[in-house]
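To keep things clear, I will list the structure first and then write my remarks on it.
The values are calculated or read from the model by the stated rules, or taken from the named source; none is laboratory data. If you're wondering where the values come from, they're calculated on a predicted model, not measured in any experiment. Here the Cβ positions follow ideal geometry from the backbone for every residue, glycine too, while neighbour counts run over all protein chains shown. For accessibility, only protein heavy atoms count, side chains too; no ligands or nucleic acids. Shrake-Rupley method; radii C 1.70, N 1.55, O 1.52, S 1.80 Å.
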Amino acid sequence: MLPSFPSLRERNLQTLYGDTKVSTYTDVDKSPIGCVDRKVRPLVDLINSHPEYVTLSSCSGRIALFDPSGTAHDDVDLVKGTEISGKGRGTWIYVTHDIEPDLGHQIIHALNKVGQERLIASSAEKKNKGDNNDEPPITFKHEPPLLHIGAASLEAGKKLLHIAKSICAIRESGLVVTDQRVTVELRTTGTLLCLPIMVQTSSSNSKEEELSKSVSLIPSEDYIKSLADMANERMVQNEVLLDKLYHTVQNELFENISNMKVSTNNGSIGDDTNQKYNISLQSLPPLNLWKSAAVVIPRNIDSTNVDLIAFGGQGIGPEMISNNNGTSKRWDKIFRLRRINGLWCECWDTLTTDPSHESEEIQLETSTGRFRVKQEASIGPREGHCACVMPSSNSQSNTNSAAVLIFGGRTSGPLSPTNDLFLCAFTQSDEENDQSICLGRPLDIVGEPPQPRFGHTMLVLNNRNHLAVIAGGTGVNDDGKSVSLSSVYTLSHMNLLNNESAGSHFIWDRISDMPSPRSYHTAFIEETSNYMFVFGGLKEADDPFGSSDDDSSNMMMIQLPFSGKSNNIMNIYEPLPSLIGSSTLKLDDLLLVVGGTNATTLSDAAEKDKQRPISIFTKEQDENKLARANISSVELLKQDEHSSGNIDLGSCVHHCLLALPKDDDSITSAVVVGGGVPSFSFGQSYAKSYVINVLRGDASKVTEIIPKLAQLSMEPTETMVSSNNKQEKEITGKTLTKTDVVLVEARRAKEVKNELDRLGFLDKRYKMVKVEDSNRLAIPITEQFNVEASLSLKDMVVRVGLEMVPFSSSYMSKIKQKR
């Protein structure tokens, strides 16, 4: 935090509100209207309630007439000369921050009055200008919203700027950085109007009652009325922009889910009106990819060991893999995060196939069946694809190989969708690093494949030979334009010639079309009724604001063809939130909805509640009706290096939500991984990864279970990269190493580091890191360190000990050069 920020914040809040709390306004400032205009006050209050920001100036947008000649006007409430405020000579002759139905008449009246005053002034000074008008033109302005916000640090400034530019499209925003202040300027010229209007005067008749006849406007009054209508329309756009900025700031900067403790359910929840749900979250290492595909694969019967597998995606990738240089790109890697004996590893590693067998044809035996594939080295760089674990077959119980289907995605821009189908087999084992992978393209496929697409859904089917169902997505039409798709396909398998030893083939079958197309939607399957529920998403691929929330068929039930084909499609009674990029998971009798964003800003309180980052729905007595359940508490478990201490589900869009094997009847668990949004200036915004534990019961029952969950935290591991590359593992596998350090208070860290460097006791092979759950830093020291060598060090060092610290960038570079 900048040292000057606390005093700046206190001073500005005192001026704005009369004290340091956001409450009532003093209504005294140096702006033309003399106070903070009403429409921007909710946003100003929101920003000022955040400890890292304070507003310096603000405007909700305005329509104004400016006279650069400086001629005074009698209406002191609306008019202020700018000379004394340091903005140059001139006078505001008309200012409004509202939409005025008779704006054209008001502007014409103000312009005529200026002309009359000019005539009076010229007559008093005995100047005869005739029909020649050398007075400067009046400037007509419509100005978009403008805010200047002080930030506590450069990082805080960048975060707010990212929200403005990348999410709210306020493109002309920027940062002004000095040694004393970081200022975020939120501005756009998208709706700006700035036009000159000539006020022609003639002094041929000097009688005051005839002055109005001596004033003419160029352009005409009809043109000025049309200009006023245009300005009013842009004032509406200003309100929409402010509303969007308000909710985006609220969601991105204030994402602490403690407000979820308030139930929003106004009716009964099934038959048990007293049922409450409690949520606890555990931080996981971030994946730093959006539009990736992921699955969970159990490694043993009791489910204490699982592999969380992610395929490709867009972003910078996990932080601790060897080839992460911080550059956003499409990935072709297979990433893995392991849970061993109930404990999650502290980082992702990468898994690779053997490239020497690429293009070879083999019979791939899996727990689902035997398939003929052409082996591939990778899925290729892609995003927007989907993956699911194929259900096991009893006839193939002699193998441990779990099979994963991967379908679709785009390999480049939005005009490069694919209908690629991959089959990836993982040999399950409890051994520490025993992981055999085979990736291939199935060769025996019948039926017409789905149109190439990305942003679709793919759900696993556990019924006879059906494997998966695919719905919607974004494709390309015959004219070469991106379009949202409505087609629904199933993928099945069948033994060739009814002979298991001969292997199986895949079968594509188009079963239905949705009433309306959509992409980046979400879906789930009700297995008892064989219906798939689809909701949310974009209805137009080329319109990022065209969500399906205004579509009468927002949520659809599609009957799956388990007992013959059916095109039975109907709407359910109460639609779920119509969000873009959200995820849904059926957990026993519960429906868990996580993340997503609304295409338009929401003003109604009930509508805003639909965008909560985590929601639980339960089925009412009518099986086609869902109700929002009561979440009584949300708690973040043990903090670690991946946790900031607050629950942060900002940017949780285009992520993966996966069920975890259940090992306790009282706990239903899932994992949310990946997700985020791109940015065109200060980097990308990535969603955090969490284990989400849903607990039922009263507070006493939750109190008993929470300590057990808290033990399921991170377990340090040195397996930080693929074990397929021994040399790489030896170098990057020790990114975190236990070494000698001194612990000092954060405020003294720089002073101690400089002193250690001067005395030759600073071990420059390592970085200085923050110690968990404290305000102290660990500074690496050499073996020769002697605290008695400096009296100043003796006073500043809290203690000497061992800590896990990372290698410095320069030392890692030297190692790589030696390679």
Scan (1) open to solvent by less than 20 Å² (accessible area, probe 1.4 Å); (2) modelled with pLDDT under 90; (3) under 23 Å from Tyr686 (Cα atoms) for the single condition Thr327 breaks and write down its number. (1)
So in segment 770-782, with the set limited to residues that are at pLDDT below 85 and outside any strand (DSSP E or B), which one is surrounded by the most Cβ atoms within 10 Å (Cβ to Cβ)? Val771
Spans of strands (runs of 3 or more DSSP E) in segment 154-251 with at least 1 residues under 21 Å from the mean Cα position of the chain (by Cα), among the hydrophobic types (A, V, I, L, M, F, W, C) and modelled with pLDDT of 80 or more: 182-187
How many residues does segment 444-469 contain that are at pLDDT 95 or above and charged (D, E, K, R)? 1
Residues that are outside any helix (DSSP H, G or I), at pLDDT 85 or above and open to solvent by 40 Å² or more (accessible area, probe 1.4 Å): does segment 124-138 have at least one? yes
Across segment 578-589, the tally of residues that are out of contact with any Phe, Trp or Tyr (no Cβ under 8 Å at 6 or more places or on another chain) and either of a type in the set (A, V, I, L, M) or at pLDDT below 75 (or both) stands at 2
What number goes with the only condition from (1) among the charged types (D, E, K, R); (2) modelled with pLDDT of 85 or more; (3) in a loop (DSSP other than H, G, I, E, B) that Arg441 does not pass? (3)
Being at pLDDT 55 or above and out of contact with any Gly (no Cβ under 9 Å at 6 or more places or on another chain) is the requirement here; does Lys726 meet it? no
I'd like to know if segment 387-396 contains one or more residues that are at negative phi, part of a loop (DSSP other than H, G, I, E, B), at pLDDT 85 or above and open to solvent by 10 Å² or more (accessible area, probe 1.4 Å). yes
Report whether or not Asp757 is over 29 Å from Cys347 (Cβ atoms), charged (D, E, K, R), at pLDDT 80 or above and part of a helix (DSSP H, G or I). yes
Residue count, segment 760-769 (criterion: modelled with pLDDT under 85 and open to solvent by less than 30 Å² (accessible area, probe 1.4 Å)): 0
How about segment 509-538: which of its residues are in contact with a Phe, Trp or Tyr (Cβ under 6 Å, 6 or more places away or on another chain) and either outside any strand (DSSP E or B) or more than 23 Å from Ser578 (Cβ to Cβ) (or both)? Arg510, Asn530, Gly537
Considering residues that are touching a strand residue (DSSP E or B) at 6+ places or on another chain (Cβ under 8 Å), of a type in the set (Val, Ile, Thr), buried (at least 19 other Cβ atoms within 10 Å of the Cβ) and farther than 30 Å from His109 by Cα, the number found within segment 154-203 is 4
Looking at segment 94-116, I want the residues that are over 15 Å from Asn232 (Cα atoms) and have a partner that is aromatic (Phe, Trp, Tyr) and open to solvent by 10 Å² or more (accessible area, probe 1.4 Å) with Cβ atoms under 8 Å, at least 6 apart or on another chain. Which pairs are those? Ala110/Tyr94
Which pairs turn up if I take residues in segment 140-155 that are free of Cβ contacts under 8 Å to residues at least 40 places away in the same chain and look for partners that are buried (at least 20 other Cβ atoms within 10 Å of the Cβ) with beta carbon separation below 8 Å, at least 6 apart in sequence or on another chain? Leu154/Val182
Output the residue which, of all residues in segment 741-753 that are open to solvent by 50 Å² or more (accessible area, probe 1.4 Å) and modelled with pLDDT under 85, is farthest from Pro780 (Cα to Cα). Arg747
